[in-house]
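To start, the structure itself, in structure tokens.
FYI, it's all coordinate maths here, none of it is from the lab. Quantities reported herein were computed from a predicted structural model and do not represent experimental measurements. Cβ placement follows ideal geometry from the backbone for every residue including glycine, while neighbour counts extend to all protein chains displayed.
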């Protein structure tokens, strides 16, 4: 589903080159629930933005659902983002001027979907996240957990092949975080492929597989000098 | 098109939206009326005078000794003989006023001596049998004055003109069936009836103001030179000899008598200068209206650019989210263009009503014509195009916001 091979991302200024990702390799199979962990500045978000075609990369290969994406133009990348990828952001990223219904409708409109189908999908996805009664509410009228559920509904409404979640519980309290995570687990059980970036080991532990990033490369968890088995077991480590 | 969500989003930016819509409305209302005024002034300035403007010039001679009308009469006759003898001059005539001068005599014209209400108003030009040839105005019916018919009178004398020549517009106004020739008319200041012996082709009156619009081509030629404190000599140069004639004529007059004043600045004027002077206020008004329109349009365009740029800056994250959710650059561009179009449509709808309202008020207060709806339609299109043009640059900037903005924390 998602395969990056020797991928690199370099930020260049006049005086310095900074590698955000270097010789980065990852292979996420269809239906997997993968947590990508790593300390701040390790390249987790860069990985996610490249995976989600929000940014281009400097070298290597990236196949998404069988498509080599490096040579795609902006329109083609937009189309893939719209049709194959569902995003769940840490800050929810709902559009404050639009109500819940209209927020979920945004990607469906860009797909050129007919109004009747849009409405059906929106209501189905709202029911899926338990917020069908809040369709006319504005984001500011919802709790953080509800907003994240709306964001998940927006991601689900387009029936994406891949769900990318960036710290989906980062802005939520424990109870709301748990309910959002349970929702993601439900979605995964129904067959969705989920890649979740988090620095929360507890959250990562709920995923099927963990991929750890340090200095822009995938490494074994044991290679992270901050992680020691005793600390991990005691739950003392936070990224 | 995403009109519904754009309208929904606009409800959250009411102040800016309403301000820009109002600015568009006011601009449309003012610019429509301004352009209408400009067009009217241009039309007025382009009206034909009916005289041979290319070869015609005017000399104003103020008499140093104004006490003796008979001497003035004799001097004028001598002056005219001198002018007509110049090789560069085709013909010359005395006249109290002439087309486009701006000042002169106008009088009520009646068809019956006891008529209370005037039939129309007309310019009264006192001249002689050389007037038509000098003006370059053709007779379309009847005959010219004879030398024996041409007399003289003082300004305070009652007019005694047994024969008059009138312009075709006046003839039509008095006798719409076309039978003015040979008929009797009454000039209010005259005590005796006047018979129409000739009808000229188009001949413009001296008055150019908007009040005189209905009478702009009404002219009565009276065969008498007016013995006033000054006189105008209309001089028609031979083709291509205007400059020479303008040099020769004042010399010839001073050779006749130095007891006169010919202003060195505007004592001798080409007809082009007369026209320039006559329509100065119209030209000034047209330029002022054009400047006001241009400034208003520029301010409105700047307002749209400013507000849209502000909105783009304010919504960078939202644009990034839309891009992340699949919007193409064209989708983002279209979003801002559509948003502007909707605001513009709201603005021009109010503006169209305002434009007509302002015109109705001006028609009731001033000598104004009714605003043609074509101007409102053209203004609507122009404002909408201006809006789309103004929003283009910030909208293009918005369309280049990267989708990665969605992942940036504010």
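When you go through (1) more than 14 Å from chain A (Cβ to nearest Cβ); (2) closer than 30 Å to residue A:104 by Cβ; (3) free of Cβ contacts under 8 Å to residues at least 12 places away in the same chain one by one for residue B:20, which number turns out not to apply?
Failing condition for residue B:20: (3).
Answer with yes or no whether residue B:371 is away from chain A (no Cβ under 12 Å) and under 21 Å from residue B:21 (Cα atoms).
no
Report, by residue number, each residue of the range A:147-177 that is over 24 Å from residue A:199 (Cβ atoms) and free of Cβ contacts under 8 Å to residues at least 40 places away in the same chain.
A:159
Determine which member of the set B:313, B:303 is in contact (Cβ under 8 Å) with a residue 24 or more places away in the chain, closer than 19 Å to residue B:395 by Cβ, assigned to a helix (DSSP H, G or I) and out of contact with any strand residue (DSSP E or B) (no Cβ under 8 Å at 6 or more places or on another chain).
Being in contact (Cβ under 8 Å) with a residue 24 or more places away in the chain, closer than 19 Å to residue B:395 by Cβ, assigned to a helix (DSSP H, G or I) and out of contact with any strand residue (DSSP E or B) (no Cβ under 8 Å at 6 or more places or on another chain) holds for just one of B:313, B:303, which is B:303.
Just checking, which of A:126, A:156 is within 14 Å of chain B (Cβ to nearest Cβ), crowded, with 23+ Cβ neighbours inside 10 Å and touching a helix residue (DSSP H, G or I) at 6+ places or on another chain (Cβ under 9 Å)?
None of the other options fit; the residue is A:156.
Taking the options A:131, A:172, A:163, name whichever one is more than 14 Å from chain B (Cβ to nearest Cβ), in contact with a helix residue (DSSP H, G or I) (Cβ under 9 Å, 6 or more places away or on another chain) and within 21 Å of residue A:48 (Cα to Cα).
Going through A:131, A:172, A:163 in turn, just one is more than 14 Å from chain B (Cβ to nearest Cβ), in contact with a helix residue (DSSP H, G or I) (Cβ under 9 Å, 6 or more places away or on another chain) and within 21 Å of residue A:48 (Cα to Cα): A:172.
Among the residues of the range A:71-87, how many are in contact (Cβ under 8 Å) with a residue 40 or more places away in the chain and either surrounded by fewer than 24 Cβ atoms within 10 Å (Cβ to Cβ) or at the interface with chain B (Cβ under 7 Å from one of its Cβ atoms) (or both)?
Of the residues in the range A:71-87, the ones in contact (Cβ under 8 Å) with a residue 40 or more places away in the chain are A:82-87.
Remaining after also requiring either surrounded by fewer than 24 Cβ atoms within 10 Å (Cβ to Cβ) or at the interface with chain B (Cβ under 7 Å from one of its Cβ atoms) (or both): A:82-84, A:87.
Qualifying residue count, the range A:71-87: 4.
Quick check on the range A:47-63: of everything there that is within 14 Å of chain B (Cβ to nearest Cβ) and touching a strand residue (DSSP E or B) at 6+ places or on another chain (Cβ under 8 Å), which residue is nearest to residue A:217 (Cα to Cα)?
Applying the filter and picking the extreme gives A:47.
Does residue B:263 satisfy being more than 14 Å from chain A (Cβ to nearest Cβ), more than 30 Å from residue B:404 (Cα to Cα), under 39 Å from the mean Cα position of the chain (by Cα) and assigned to a helix (DSSP H, G or I)? Even if it seems obvious, please write down each step before you answer.
Values: more than 14 Å from chain A (Cβ to nearest Cβ): yes; more than 30 Å from residue B:404 (Cα to Cα): yes; under 39 Å from the mean Cα position of the chain (by Cα): yes; assigned to a helix (DSSP H, G or I): no.
No, not satisfied.
Within the range B:52-74, identify whether any single residue is more than 14 Å from chain A (Cβ to nearest Cβ), within 30 Å of residue B:336 (Cβ to Cβ) and either touching a residue at least 60 places away in the same chain (Cβ under 8 Å) or touching a helix residue (DSSP H, G or I) at 6+ places or on another chain (Cβ under 7 Å) (or both), and answer yes or no.
The first filter runs over the range B:52-74 and keeps only residues more than 14 Å from chain A (Cβ to nearest Cβ), leaving B:52-74.
In the following step, the residues that additionally are within 30 Å of residue B:336 (Cβ to Cβ) were identified as none.
No, that holds for no residue.
Looking at B:75, B:153, which is the one that is more than 20 Å from residue B:248 (Cβ to Cβ) and touching a strand residue (DSSP E or B) at 6+ places or on another chain (Cβ under 9 Å)?
Details: B:75 fails: more than 20 Å from residue B:248 (Cβ to Cβ).
Being more than 20 Å from residue B:248 (Cβ to Cβ) and touching a strand residue (DSSP E or B) at 6+ places or on another chain (Cβ under 9 Å) holds for just one of B:75, B:153, which is B:153.
Of all residues in the range B:221-242 being assigned to a strand (DSSP E or B) and touching a helix residue (DSSP H, G or I) at 6+ places or on another chain (Cβ under 7 Å), which is surrounded by the most Cβ atoms within 10 Å (Cβ to Cβ)?
B:221
Which of (1) surrounded by fewer than 17 Cβ atoms within 10 Å (Cβ to Cβ); (2) facing chain A (nearest Cβ under 10 Å) does residue B:314 not meet, given it meets every other one?
Unmet condition: (2).
Just checking, does the range B:337-353 include any residue being surrounded by fewer than 18 Cβ atoms within 10 Å (Cβ to Cβ) and within 30 Å of residue B:282 (Cβ to Cβ)?
yes
Could you please give the count of residues in the range A:88-111 that are within 17 Å of the chain's Cα centre (by Cα) and either more than 7 Å from every other protein chain (Cβ to nearest Cβ) or outside any helix (DSSP H, G or I) (or both)? Explain how you work it out, then say what you get.
From the range A:88-111, those within 17 Å of the chain's Cα centre (by Cα) are A:88-94, A:104, A:107; that's our starting set.
Imposing the further condition that a residue be either more than 7 Å from every other protein chain (Cβ to nearest Cβ) or outside any helix (DSSP H, G or I) (or both) reduces the set to A:88-94, A:104.
The qualifying residues number 8.
Look through A:61, A:30 and report the one residue that is surrounded by fewer than 17 Cβ atoms within 10 Å (Cβ to Cβ) and either without any contact (Cβ under 8 Å) to a residue 24 or more places away in the chain or not in a loop (DSSP other than H, G, I, E, B) (or both).
The conditions single out A:61.
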